[in-house]
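All of the numbers you see were taken from the coordinates with simple rules; none came from a lab. Values in this document were obtained by computation on a predicted structure and should not be read as measured data. Here the Cβ positions follow ideal geometry from the backbone for every residue, glycine too, while neighbour counts run over all protein chains shown.
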Amino acid sequence: MKMLLGHEWVDREDTIDVRDPFDDSIIDTVPAASHADVETALATAAAAKDTARGMTTYERAQVLNRTAGLIADRIEEFAETIAREGSKTINEARGEARRCVNTLTIAAEEAKRLQGETIPFDSFPGGEARRGYYERVPIGVVLAITPFNDPLNLVAHKLGPAIAGGNAVILKPATVTPLSALKLTEAFMEAGLPSGVLQCITGYGAVLGDALVEDSRVRMVSFTGGVEAGERIMSRVGLKKIGMELGSNSPVIVWKDADLDWAVETCVSGAFWAAGQNCIGVQRIYIHRDVYEQFRDDFVKRAAAYRTGDKLDEATNMGPMINEGEAKRVERWVQEAVDKGATLLAGGTREGSLVPPTVLENVPPEATIHYEEVFGPAVNLYPVDDLDEAINAANSVNYGLHAAGFSNDVTVCHRMAAGLDCGSVILNDSTDYRLDSMPFGGVKNSGLGREGLKFSLQEMTEPKVICWYLPGV
Ligand code: NAP
């Protein structure tokens, strides 16, 4: 595919192969943008910000709704693109495409709800003759940098509010999964978004990143990805707004009175969705000792029944990791944990980029897979005796995006809700639950700021005060 740079779709002599991680076959190529292309993108966006700002609320909402409609009409086509370039099975990909329609529809609704308020200038002596209000105005140019694991919907989470807020946007999608983002860009243009307001440039973040994030024409960097790239960006960004949606290592507590069948079912799905390449995927499960063995045995049985393989086969439960290198990393972390005393209950092997559902117990705290984000299909089980012990253990890593707790006791649920240190506590479901309109983001190394359309729209606009001095009023 070509990239949308300036006002046209362009290709370049330098290209990047986009590969299907299942069999490593080349499914397409995209241009490798150069530093000159970065300059074109920045200059175009800086000029187009007035066009974006000039769109009425009605026009912004219309474009967003039309784009949502185009995707809704082509769910299968978008799902296939997501499934082929990424790790998701076709069923998981259909879910993501449907969520993208919802995300853009909510963005259109939020565009219409973007409001200021009147200001009581007479609340301080001297202000009697003043009247006024503030409205929310676009911030200008938003740079959106996105990861590989939700190549469509996480892009929509940035483009939707940026356009709803009247901004020009430069999108830099993940190099391994640029096709869904390019197709979404095409849909926006087909829906009538004015030329220049959105550009999508493809190329390596490590090569283009600094030039993009450092440029003063960019007013906000909205980043979703790993901690390492996030920290690099933070160190270069200068005086700009920043949104950081980073990784996690999500904990779940299963109390002795929980509905165990449900807890097992939803935690298995939460651990192995998208082959565990999910920022809110279940990684550590703390289970009350009274029900530990039952939970563990059911969990392992269900995990072992998973069918891994071809993503486009309807019967496949779990696809490959994004590439063989990532699969090798997970294999290495599992082996390291075993070497340090962990017991492997399921999986742990690897065939190319396919890692089967992997379950460990007795994982020591010094094992990387205990405290780092595994971002793969591996989960650790721990028995616990006491609720405070479980909450402290859950909080003991340097991430905090989602945490979950299962119990039928309201007091236990309240204690978990209050004690778990994270952006969202999900009760009686796994950490892998998100509604696209809810505030979404984390604490500690999981990031800064919140997405979710209403919340990103606040971030991507700023208040502007209008104050009249009206003597005689
Ligand atoms: P990544 O390696 O950090 O890459 C994310 C994006 O950043 C890619 O577009 C990448 O470009 C770009 N990038 C890399 N280095 C850069 C630099 N120096 N300057 C500017 N951009 C740079 O992450 P990933 O492997 O794609 O995604 C997995 C991570 O994302 C996990 O940690 C996961 O938890 C996190 N994530 C978080 C959320 C959330 O909402 N909190 C959601 C999904 C995923 P290239 O592709 O060219 O390297």
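Assuming charge only on the beta carbon of Lys and Arg (+1) and of Asp and Glu (-1), the dipole of the chain about its Cα centre is about 1500 debye to the nearest 20. For the chain, the longest principal axis of the alpha carbon atoms and the long axis of helix 90-113 meet at an angle near 30°.
Legend: P(r) of segment 404-457 from all alpha carbon pair distances, 10 Å bins from 0, whole percents, reading 24, 47, 26, 3. Taking a straight Cα-Cα cut-off under 16 Å and skipping sequence neighbours fewer than 8 places away in the same chain, the lysines within cross-link reach of residue 2 are 172, 183. Here segment 250-427 carries DSSP beta bridges of which approximately 15% are antiparallel, counting only pairs with both residues inside.
Within a 10 angstrom radius of the beta carbon, how do 122, 210 rank from fewest other beta carbons to most? Before the final figure, lay out the partial values.
On the way: 122 12, 210 17.
If I rank by nearby Cβ atoms, fewest first, I get 122, 210.
For segment 139-222, the share of alpha carbon pairs falling in successive 10 Å distance bins from zero is 19, 55, 26, 0 percent.
Classification of segment 181-222 by its C-alpha gyration tensor yields an oblate form. The axis ratio a/c (a ≥ b ≥ c) is 1.5 or more, and b/c is at least a/b.
For segment 252-347, GluC sites (Glu not before Pro) are listed when DSSP marks them as loop and at most 16 other Cβ atoms sit within 10 Å of their Cβ; the list is 314. In whole Å, what is the distance between the alpha-carbon centres of segment 216-282 and segment 392-440? Rounded to whole Å, the Cα centres lie 13 Å apart. Within the chain, DSSP assigns beta bridges of which about 45% are antiparallel (rounded to the nearest 5). Each Cα pair under 8 Å and six or more residues apart adds its separation to the average, and for the chain the resulting relative contact order is 18 percent.
Among 358, 266, 343, what is the fewest-to-most ranking by other Cβ atoms within 10 Å? Write out the running numbers ahead of the final one.
Details: 358 28, 266 22, 343 12.
The fewest-first ordering by Cβ neighbours comes to 343, 266, 358.
Overall shape: prolate for segment 321-436, with the ratio a/c of the largest to smallest alpha carbon gyration tensor axis at 1.5 or above and a/b above b/c.
Among the chymotrypsin sites (Phe, Trp or Tyr not before Pro) in segment 394-473, which ones are in a DSSP loop with at most 16 other Cβ atoms within 10 Å of the Cβ? Mind listing them?
Working: sites: 399, 406, 433, 440, 455, 468, 469; in loops: 433.
Within segment 394-473, the qualifying chymotrypsin sites (Phe, Trp or Tyr not before Pro) (loop, at most 16 other Cβ atoms within 10 Å) are 433.
When a/c is below 1.5 the answer is rounded, else prolate if a/b is larger than b/c, else oblate, so apply that to the chain with a ≥ b ≥ c taken from the square roots of the Cα gyration tensor eigenvalues. Oblate, because a/c is 1.5 or more while a/b does not exceed b/c.
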